[in-house]
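Student: What follows is a single structure, and I will ask about it in a moment.
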Amino acid sequence: MTVMSTNRGTATRKGGGSSAIFKTLPLAPFSLVFIFFFCWPIFQIIKNSISDGKGHYNLGAYRLMFTKPYMHAFSVSLQLSFFSALSAGLIGAIIAFYVHKSSKSLQSGIAMLSGVLANSGGVPLAFMFIAAFGAQGGIVTILKKLGFDIYGHGFTLYSFSGLVLVYSFFQIPLMLLVFTPALAGMRNEWREANNSLGGSNLQFIRWVLIPVLFPAFLASTLLLFASAFSAFATARALTGGSVALVPLVIGSLIDGNVITDQANLGDALAVGMVVVSAIVMIFYGFSLRWARGR
Amino acid sequence: MSAKNLETKVSLQNLSKHYGTVAALQDFSLEMQTGEMVSLLGPSGCGKTTVLRILGGLDPHHDGQIFVDGENITGSTSDKRNMGMVFQAYSLFPNMTVIENVEYGLRVRKISPEIRRKKSMELLEMVHLSHRPDAYPNQLSGGQQQRVALARALAIAPKVLLLDEPLSALDAQVRVQIREEIRRIQLETETTTLFVTHDQEEAMSVSDRVGVMNAGQLEQIDSPSNLYNKPKSAFVASFVGVTNKISAQIEGSGRVKVFNQEIELSQNSASFGSGSAVIALVRPENIAIASDADPESKAGLIITKSFLGPMTKLGVDLGGENLVYVNLTSQEAKKIDVGSRIAVKITSEELMVANA
């Protein structure tokens, strides 16, 4: 009896094992892509960042990365990512809130439009904004005729604040896409329970709405931060490198504007970006788990 | 309900509400006494939840007035009505612990933290959850969540407790347990309660009175036993409990002929002319097995037999479109098998009839 039971058990385990392999098999192409287009490049840049190209390894590029000009680039990139993510996050969350309350047809229309806009960027976006908000742009001219000269007040599109404005073009739609599901999880019963217990709308917003939505808001904003931190083409086309951002500095190093003995600096800066992105993603993961726990 | 509480607590007068051309409520009136538990029962879309939400101030209505303790509250908003509400499910604030949820209404009222914690713990003890004050809603079962919701609603000492199908998302065993707890707590706190449900057994077992609604109107409101035994309309008779519908004919002088029997018409039956074809509404327990030799009996074939514990339900095909259900004790039903023939007879002294 025992032997038979054992045999049956083994057969079941074998069946389960082959079933598990069969289930995971479709993930094999993704695993290959992940290994060759994510893990392998990261390994290569780490290796190159500590290699002098002559078979010797040292941390010279990292010592250089921690000098003022490159730390300044990191500082500007982080500030730009922070301010653009925060402003787009807040504006996007408010828009998402009102879209969520609108009709189903408007909601699906906005979702479709957001999907397109969130993936817009690069040179075409930069030129669109130059046409609208450049020194001679259409909107700037109209505002000037109305007596409001934004360039006279210190604004310029080719600056830090200009980049925040341009980034909002794809970040607000991205916020709409990623934050709307959290709003869909809000229960009408919570508002009604608040009212029947004597709570005002302000108390509901303060004690229920904001605490419930905050983790999802944080996760969405961190995603915007990561998106802004890695953006390259738009900033390059718009500022031509006048605003020191890490991706632009790496780009200029790759383009061949390399000072002697700094060939691996671009790799070291890229590793720095990977570290920042990894930290953001860890916080993003925690925020998501926090949001789902609600 | 104790005799001391016979003053009117809630008076809903001629409420009407419509969605476009569809009437959700038509001239609906209801009075509830202090400490009374009234259930509203009816098919989906009959307007029972609409009444509860209008009373709670969560939905507007078009006509009619609402009085609580003699005060007209028709125009006041839900946050000013002091009514505790328990919803179907998922109404606890997910960012707050059990105790914080229960304290919420007291916090809104700016009660000191010490007092509100003491009061909330008392209520948690009442709902048998004092051991989990720091749990979050997602760590509780559906039944536990509803108990917390009940404690939260009671914490504000509501003038009226509104229960909107609070058991519908729970499994059968927990439903029975929680509904008994709701009744125990309601009696303990003497809170006037309006309970909306689509479950007859639930309504009948916990309420002082049950109102049956149909198409936005209150068909009948009465004690559970009167509702079952003395229905005032064919709708109530067929909606409450199991009712056999048997082809019958009106005889002269207020009598109805069913099978070979002539039986008195119920006072509440609509009037029909002599000779009219009608449907007689007969409870299963008012049909008994009779002798074949009885001239008033009707023979039929047993086509189903359902064991229900102490009782067994037999489905008897009497020919034509007359399939009747008869309740027997399981002991009596032991010797009767599907496929055998029996004779049955109506035992009630009066019958309600409806249009054929």
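The values are calculated or read from the model by the stated rules, or taken from the named source; none is laboratory data. Model, not experiment: these values are computed from the prediction. Counting neighbours? That spans all protein chains shown, and the Cβs are built from the backbone with ideal geometry, glycine included. When the accessible area is computed, the model is the full protein with side chains, heavy atoms only, and any ligands, DNA or RNA have been set aside. Shrake-Rupley method; radii C 1.70, N 1.55, O 1.52, S 1.80 Å.
Student: Under 10 Å, Cα contacts only: if you run a Gaussian network model on chain B, which one of B:E202, B:E71, B:E114 comes out with the highest mean-square fluctuation?
Tutor: Among B:E202, B:E71, B:E114, the largest GNM mean-square fluctuation belongs to B:E114.
Student: Additional query: Enumerate the lysines that B:K80 could reach by cross-link, defined here as Cα to Cα under 20 Å, with residues fewer than 8 away along the same chain left out.
Tutor: Within the straight-line cut-off, B:K80 pairs with B:K9, B:K110, B:K159.
Student: Place the peptides B:104-112, B:132-140 in order of packing, highest mean first, counting for every residue the other Cβ atoms within 10 Å and averaging per peptide.
Tutor: Per-residue Cβ counts within 10 Å, averaged per peptide and sorted highest first, yield B:104-112, B:132-140.
Student: Return the subset of B:K232/B:K305; B:K48/B:K230; B:K17/B:K232; B:K48/B:K245; B:K305/B:K334 for which the Cα-Cα distance in this structure is over 19 Å, preserving the input order. Intermediate results must be reported in sequence, preceding the final value.
Tutor: Numbers: B:K232/B:K305 31 Å; B:K48/B:K230 22 Å; B:K17/B:K232 25 Å; B:K48/B:K245 26 Å; B:K305/B:K334 10 Å.
B:K232/B:K305; B:K48/B:K230; B:K17/B:K232; B:K48/B:K245, as the Cα separations exceed 19 Å there.
Student: Could you pull out the trypsin sites (Lys or Arg not before Pro) across the stretch A:10-100 that fall in loop regions by DSSP (anything but H, G, I, E, B) with no more than 14 other Cβ atoms inside 10 Å?
Tutor: Numbers: sites: A:R13, A:K14, A:K23, A:K47, A:K54, A:R63; in loops: A:K54.
Sparse-neighbourhood loop trypsin sites (Lys or Arg not before Pro): A:K54.
Student: Still on this model: Give the separation of the Cα centroids, the stretch B:26-98 to the stretch B:259-301, in Å.
Tutor: Centre-to-centre (Cα) distance: 42 Å.
Student: What is the dipole size for the protein assembly as shown, taken about its Cα centre, with +1 at each Lys and Arg Cβ and -1 at each Asp and Glu Cβ, in debye to the nearest 20? Walk me through the numbers on the way to the answer.
Tutor: Details: 55 positive and 48 negative charges, 463 e Å.
Here the protein assembly as shown has a charge dipole of around 2220 debye.
Student: How big is the B-A contact in terms of buried accessible area, both chains counted, 1.4 Å probe, rounded to the nearest 100 Å²? Let's see the in-between values first.
Tutor: On the way: alone 16880 and 17660 Å², together 32560 Å².
Chains B and A together bury approximately 2000 Å².
Student: Which FRET efficiency value, to the nearest 0.05, do you get for A:V33 and A:A132 by plugging their Cβ-Cβ distance into 1/(1 + (r/R0)^6) with R0 = 45 Å?
Tutor: With R0 = 45 Å, the Cβ-Cβ based efficiency is 0.75.
Student: In deg cm²/dmol, rounded to 500, what helix-only [θ] at 222 nm does chain A give when every DSSP H run of at least 4 residues adds -39500 (n - 2.57) and the total is split over its residues? It would help to have the intermediate numbers written out before the result.
Tutor: Working: 15 runs with 217 residues, N = 294.
Calculated from helices alone, the mean residue ellipticity at 222 nm is -24000 deg cm²/dmol.
Student: Also, quick follow-up: Where in chain A are the DSSP H helices whose C-alpha atoms run 18 Å or more along the long axis and whose mean Kyte hydropathy is at least 1.6? Spell out each step's value before the answer.
Tutor: Numbers: long enough: A:2-24 (33 Å, -0.47); A:68-101 (49 Å, 0.96); A:104-117 (20 Å, 0.94); A:160-184 (34 Å, 1.84); A:210-230 (29 Å, 1.90); A:265-292 (40 Å, 1.45).
Span-like helices in chain A: A:160-184, A:210-230.
Student: Turning to a different aspect of this structure: Over the C-alpha atoms of the protein assembly as shown, what are the Rg and the largest Cα-to-Cα span, Dmax, in Å?
Tutor: 36.5, 119
Student: Excluding ligands, DNA and RNA, what is the solvent-accessible area per residue of the stretch A:68-293 at a probe of 1.4 Å, expressed in Å²? Don't skip to the end; give the middle numbers.
Tutor: Values: 11050 Å² over 226 residues.
On a per-residue basis, the stretch A:68-293 sits at 49 Å².
Student: Now for a separate question. Between the alpha-carbon centers of the stretch A:87-114 and the stretch B:123-191, tell me the distance in whole angstrom.
Tutor: 37
Student: Right, here's the next one. Mind checking Rg over Rh on the stretch A:139-294, alpha carbons, Kirkwood formula for Rh? Walk me through the intermediate numbers first.
Tutor: Values: Rg = 21.5 Å, Rh = 19.1 Å.
Value, to two decimals: 1.13.
Student: In whole Å, what are the extents of chain A along the principal axes defined by its C-alpha atoms, from largest to smallest?
Tutor: Projected onto its principal axes, the Cα set of chain A covers 94, 74, 31 Å.
Student: Gain in length, B:E262 to B:S291, computed as 0.36 nm per residue apart minus the alpha-carbon separation, to one decimal in nm?
Tutor: The B:E262-B:S291 span can extend by a further 8.7 nm.
Student: Follow-up. Using Cα springs under 10 Å in a Gaussian network model of chain A, which residue among A:P69, A:P211, A:P26 shows the largest mean-square fluctuation?
Tutor: The residue with the greatest mean-square fluctuation here is A:P26.
Student: Hey, in the GNM for chain B with a 10 angstrom Cα cutoff, which one of B:S269, B:S29, B:S340 fluctuates hardest?
Tutor: B:S340
Student: Under a cut-off of 30 Å between alpha-carbon atoms, report the lysines in cross-link reach of A:K68, not counting same-chain residues fewer than 8 places apart.
Tutor: Filter leaves A:K47, A:K54.
Student: How about the stretch B:123-214: which trypsin sites (Lys or Arg not before Pro) there are in a DSSP loop, with at most 11 other Cβ atoms within 10 Å of their Cβ? Numbers along the way, then the final one.
Tutor: Numbers: sites: B:R147, B:R152, B:K159, B:R175, B:R179, B:R183, B:R184, B:R209; in loops: B:K159.
For trypsin sites (Lys or Arg not before Pro) across the stretch B:123-214 that sit outside H, G, I, E and B with at most 11 neighbouring Cβ atoms in 10 Å, the list is empty.
Student: To continue, here is another question. Count, for each residue of B:84-95, the Cβ atoms from other chains sitting within 10 Å of its Cβ, then give me the mean as a whole number.
Tutor: On the way: counts 3, 6, 3, 7, 1, 2, 4, 8, 4, 12, 9, 12.
Rounded to a whole number, the mean comes out at 6.
Student: Using a 10 Å cut-off on Cβ to Cβ distances, tally the other chain neighbours for every residue of B:137-143 and report the average as a whole number. Mind dumping the intermediate values first?
Tutor: Values: counts 1, 3, 1, 0, 0, 0, 0.
For peptide B:137-143, the averaged partner shielding equals 1.
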